[in-house]
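Have a look at the structure below, then the notes.
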Amino acid sequence: MTTRTTINHTATQSETGHLQKKSTANDQKIIPFLWFDGKAEEAMNFYLSAFKNSKAESIIRYGESGPGPAGSVMSTIFTLEGQYFYALNGGPEFTFTPASSFYVSCKNLQEIKRLWKKLSEGGSVMMELGKYPFSLQYGWLQDQFGVSWQLILSSDTPQITPFFMFCGDQQGKAEQAMNFYTSVFKNSGIIHIVRYNEKDVGQAGAVIHAKFSLSGQNFMAMDSAISQDFSFSPALSYFVNCKTQREIDGLWEKLTEGGEEIQCGWLKDKFGVTWQIVPTVLGELLNDPNPEKSSRVMQAMLQMVKIDISALKKAYNQH
């Protein structure tokens, strides 16, 4: 991770202090984090115009010291159908892939067609919106910013669920990954699994569709039916709010097993999924009205791989 992207990431974490004070956000322990190359605000506004139940929570802009152009957007927080998202202008290092997408339940035919028309503007279609054996209306697209969406007609309450497709060198590992993640996070479990059979295109016994929960939040997963030349990307990572150092240490130790430590609380697990393990107190320290204190905390943060709460507080209290 470059110095610029590290600074951008740290600045985004300072923004979480505002979000973490909201009870709704505290209930959402794991938050999708979208990495854009200069288009975070444009993407946010596009999504807000697409989803009726949506809201811009906050926007942070670069100051005169940069590293981006003064006044340009550094990061944003917004909600779509009750799901919080972070968006960052982090640079060109990472791009989205369909391995990570968002599964959207639509309550009626009018709504799914409206949403499909909007999200597909300037994008590309992976599976046309239409009737399939598993749904009266379903479609999969990649929007103009590269983010992938699956829309399905459902009687469920409208919601957006993060969706993992295990493909590339991770193909066939969906069930293994779900078992691993549900063992790592408390209040988690596999809700249901549907498997490929001998008549399906995919490998018999592999996961065609599954739903599981992590810390009380729903996620979905599948094994790709065919070989793909892409897999997971840090462009879509998962930001985990942690209250204690013990929680950080436990998640870090488990998620880095067979994976990769990165920097400033970022890691990549053994399945290639990127996580950010961050204490809630970090946002409070970085948002302190005393610029000297917040600056010391940021400088301490920049030197870390796994985040150390005591070291952050030591920097904060330094005289």
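Laboratory data are not the source of any read-out in this text; all were calculated from the coordinates shown. Computed from a predicted model, the values in this text were never measured in an experiment. With ideal geometry, Cβ positions are generated from the backbone for all residues, glycine too; neighbour counts draw on all protein chains shown.
Odds and ends about this structure:
- DSSP beta bridges confined to the chain are antiparallel in about 70 percent of cases.
- Intensity falloff of the range 155-273 expressed as log10 I(q)/I(0), Debye formula with alpha-carbon point scatterers, at q = 0.09 Å⁻¹: -0.27
- When each of the peptides 288-300, 38-50, 141-153, 304-316 is scored by the mean number of other C-beta atoms lying within 10 Å of its residues, the order from highest to lowest reads 141-153, 38-50, 304-316, 288-300.
- Relative contact order (%) - the chain, alpha-carbon pairs under 8 angstrom, separation at least six: 17
- Folded to 0 to 90 degrees: helix 40-50 orientation relative to the chain principal axis, Cα: 40
- Cα-based helix-to-principal-axis angle, 3-20 vs the chain, degrees rounded to 10: 80
- Percent antiparallel among DSSP beta bridges (both partners in the range 100-223, rounded to 5): 75
- Ordering of 132-140, 194-202 by packing [mean C-beta count within 10 Å, highest first]: 132-140, 194-202
- Straight Cα distances below 29 angstrom link K199 to the lysines K131, K173, K211, with same-chain residues fewer than 8 positions distant left out.
- Helix 245-255 and the longest principal axis of the Cα set of the chain meet at an angle near 40°.
- Across K186/K243; K268/K306; K243/K268; K29/K118; K293/K313, pairs whose alpha-carbon gap is larger than 18 Å: K243/K268; K29/K118
- The chain: translational diffusion in µm²/s, Stokes-Einstein, Kirkwood Rh over Cα pairs, 25 °C, 0.890 mPa s: 121
- For the range 100-223, the spread of Cα coordinates along the three principal axes comes to 38, 34, 28 Å, biggest extent given first.
- For the chain, built as a Gaussian network whose Cα springs stay under 10 Å, the top-fluctuating residue of P67, P279, P98: P67
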